[in-house]
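S.K.: Sharing a structure, written as structure tokens. Questions coming.
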Amino acid sequence: MSELILYSYYRSSASHRVRIALKLKGLDYEYRAVHLLNNGGEQNTSPYNELNPSRQVPTLIHKGRALGQSVAIIEYLDSLRPEPPLFPQDAYERARVLQACEIVNSGIQPLGNLSVLQQLQSRAGFDQDKKTEWVQHWVNNGLQALTEMVQTTAGRYCFGNLVTAADCFLVPQIFNAIRFQVDLERFPLLMRIHQTCMELPEFIASAPDVQPDTPRP
Ligand SMILES: N[C@@H](CCC(=O)N[C@@H](CS)C(=O)NCC(=O)O)C(=O)O
């Protein structure tokens, strides 16, 4: 059995961030799929819900110990395997990378989460079109903020010419934006960084379309 196990769902953007970080670190892991829709969501049922009190993916298991929340997991992986670093050494630069991660992690993704969309449907009667417009609104807001931030820091990637944790958060968010038909022509800088990342094998191998639980036609 692998030392590292990742509980993931192929099109979960939060799981996708961790898959990228694991690949960048060259860490092998066992993939365990959690289907977010089957049977009311496997994230809500035993035994998975005992691993992650938020009842969300991802969860990383390392040597039998569980860890949730992608920011915490990626920081942990960076401590476990420092090379290549996913955060700059300088305290301010490190915090700026975390700021970019949080624009996605707390400013965009939670508002489009499955459970939020389910609540909008059951409490406010949102149909699919209204849910899509809702997600688009928050994605546009957040990607605008991210653009304003990285336009002063970007090189090939969000921060200069080395991949950082910010890129691990940006790329899954762009996949999610494509899924919700966001007009990404408004964000040429972010799309350029996304495309540069997607030239790397670690990003290609982590994409939603090539995971063990990706539905096959
Ligand atoms: N902040 C959490 C977010 C995790 C999260 O929201 N995961 C979503 C999939 S991307 C999920 O499990 N949703 C299940 C649900 O809403 O019931 C993290 O970064 O790990």
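S.K.: Can you tell me which condition Met1 does not meet? The list is (1) modelled with pLDDT of 95 or more; (2) more than 15 Å from the ligand (Cβ to nearest atom); (3) in a loop (DSSP other than H, G, I, E, B), and all the others hold.
M.R.: Here Met1 clears every test but (1).
S.K.: What residue, among those in the range 60-111 that are among the polar types (S, T, N, Q) and part of a loop (DSSP other than H, G, I, E, B), is farthest from the ligand (Cβ to nearest atom)? Step through it out loud before you land on a result.
M.R.: Kept after step one, since they are among the polar types (S, T, N, Q), are these residues of the range 60-111: 69-70, 79, 89, 99, 105-106, 109.
Pick out the ones that are also part of a loop (DSSP other than H, G, I, E, B) and you get 69, 89, 106.
On the way: Gln69: 5, Gln89: 24, Ser106: 7 Å.
Among those that are among the polar types (S, T, N, Q) and part of a loop (DSSP other than H, G, I, E, B), it is Gln89.
S.K.: Something else now. When residues of the range 180-211 are filtered for being of a type outside the set (A, V, I, L, M), surrounded by 14 or more Cβ atoms within 10 Å (Cβ to Cβ) and part of a loop (DSSP other than H, G, I, E, B), how many remain?
M.R.: 3
S.K.: I would also like to ask the following. Condition test on Thr214, is it assigned to a helix (DSSP H, G or I) and among the hydroxyl-bearing types (Ser, Thr, Tyr)? Before the answer, list the steps.
M.R.: Details: assigned to a helix (DSSP H, G or I): no; among the hydroxyl-bearing types (Ser, Thr, Tyr): yes.
No.
S.K.: Also, I was wondering about something else. May I ask you to list pairs of residues, at least six apart or on different chains, whose Cβ atoms are under 8 Å apart, with the first in the range 16-45 being in contact (Cβ under 8 Å) with a residue 24 or more places away in the chain and the second being more than 10 Å from the ligand (Cβ to nearest atom) and among the basic types (Lys, Arg)?
M.R.: Cβ pairs passing all conditions: Lys25/Arg81; Gly26/Arg81; Leu27/Arg81.
S.K.: Tell me, please, whether a residue that is hydroxyl-bearing (Ser, Thr, Tyr) and part of a helix (DSSP H, G or I) can be found in the range 140-162.
M.R.: Yes - at least one qualifying residue is present in the range 140-162.
S.K.: Moving on. Take Tyr7 and tell me if it is among the aromatic types (Phe, Trp, Tyr), within 15 Å of the ligand (Cβ to nearest atom) and assigned to a helix (DSSP H, G or I).
M.R.: no
The values are calculated or read from the model by the stated rules, or taken from the named source; none is laboratory data. Since the structure is predicted, the reported quantities are computational estimates derived from the model, not experimental observations. All Cβ positions, glycine included, derive from the backbone under ideal geometry; neighbour counts span all protein chains shown.
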